[in-house]
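For reference, the structure discussed in these notes is given below.
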Amino acid sequence: MKKIILVLAVVTETISVSAQSKFEVKDFGSFKIHSYVTADPLGDMSYIIEGKKSLVVLEPVLFHANIKEFGEYVKSLKKPIEKVIASYHTGGFNAFDPKSIVMIEGMPEFEKGEVYSGMMAYFASTFGESMDSREHGATATVGKNEKVNWAGVDFQFFPGSVSDFPAASVLIGGKVYYLHFAPVANMHMGALQITGREAVSAYLTELENAKKSGATLFVGGHGIGTAEMKDVDFQIAYLKNMKELISKEKSREDFIAAMKKAYPNLAAENNLQEVAGKLYQ
């Protein structure tokens, strides 16, 4: 509990969102994906997968202002919601028909546990009534190694990168790969992703899985937009370089200096301080 609260205490500093809320649409012929950049304090993103006759929502929206905007956008599509998939984000359920909601296996139990309930209590104290953190009823689950077809689109679930959440990555229509964090090529990775030395290897494996999936678009539960293969390739190379430097450099200071030298013009250098603190404890 102490560990997760310490992480959450820096959420609003680590994930700073300067963009305005917006929707982006990508058309894959047999389906469309609508990406919603919420621009909320947590840097969350939500998605609508639009099939021929119905919709699937991936990661519900948490803040009431965004819930309203998201709901109006859904109405404009004039198609019913068939399923709402909650992988990492399990708030905001009250905006949807409970019968449509599915959680990743393990999440209903995890949601009732000390870590998740502590996280939601922290959110409630920090954001108050601006976030929909109300309790919800029981939901159906989907397995982390399961393939289903909703709205005429195939969804293939995989165990996500090692984290405090029993969540999943999702391959959508064979074209879109969902990870916890959208890959980014223009800034240093942060301490919410690099939570320790094991996380470096775990996230590297996850990105390599994403690269091999056949997807051409990559999205995340946090970010300010969608990503392409070049972003995945950058982060793979970045993490391999980080692993090598960790093995060589014996102190936080030397590691930070080496990373700055390797990426002299990369944004968010302040992330290196927090990441180094996780790697050199």
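The values are calculated or read from the model by the stated rules, or taken from the named source; none is laboratory data. What you see is a predicted model; the values in this text were computed from it and never measured. Please note: Cβ atoms are built from the backbone with ideal geometry, for glycine as well, and neighbour counts cover all protein chains shown. Remember, those area values only see protein heavy atoms, side chains included, never the ligands or the DNA or RNA. Shrake-Rupley method; radii C 1.70, N 1.55, O 1.52, S 1.80 Å.
Below are the figures for this structure:
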item: q = 0.12 Å⁻¹, the range 138-241: log10 I(q)/I(0) [Debye, one scatterer per Cα]; result: -0.38
item: R0 of 35 Å, Cβ-Cβ distance K99-E208: FRET efficiency to nearest 0.05; result: 0.40
item: Extended-chain gain in nm, criterion 0.36 nm per residue less alpha-carbon gap, E146 and K78; result: 21.6 nm
item: Spherically averaged projected area of the chain from its Cα convex hull (nm²); result: 13.8 nm²
item: Along principal axes, Cα extents of the range 57-109, largest first, whole Å; result: 34, 22, 14
item: Per residue accessible area of the chain, 1.4 Å probe, in Å²; result: 46 Å²
item: Under 19 Å from the Cα of K261 - lysines, other chains or at least 8 residues apart; result: K240, K243, K248, K250
item: Evaluated at q = 0.21, 0.31 Å⁻¹: base-10 log I(q)/I(0), Debye formula over Cα of the range 172-227; result: -0.81, -1.36
item: Where the Cα pairs of the range 180-281 fall when distances are cut into 5 Å bins, in %; result: 2, 13, 25, 27, 18, 10, 4, 1
item: Under-5 Å amide H pairs with W150, H placed in peptide plane, nonlocal only; result: F155
item: Under 14 Å from the N186 label point (7 Å along Cα→beta-carbon), backbone N, the range 18-39; result: 18-20
item: Antiparallel DSSP beta bridges within the chain, as percent of all bridges there, nearest 5; result: 65 percent
item: Candidates per trypsin sites (Lys or Arg not before Pro) in the range 216-271, loop by DSSP, up to 14 other Cβ within 10 Å; result: K250
item: The chain, accessible surface, carbon-and-sulfur percent (1.4 angstrom probe); result: 52 percent
item: Within the range 23-106, trypsin sites (Lys or Arg not before Pro) in DSSP loop having at most 13 other beta-carbon neighbours inside 10 Å; result: K52, K53, K78
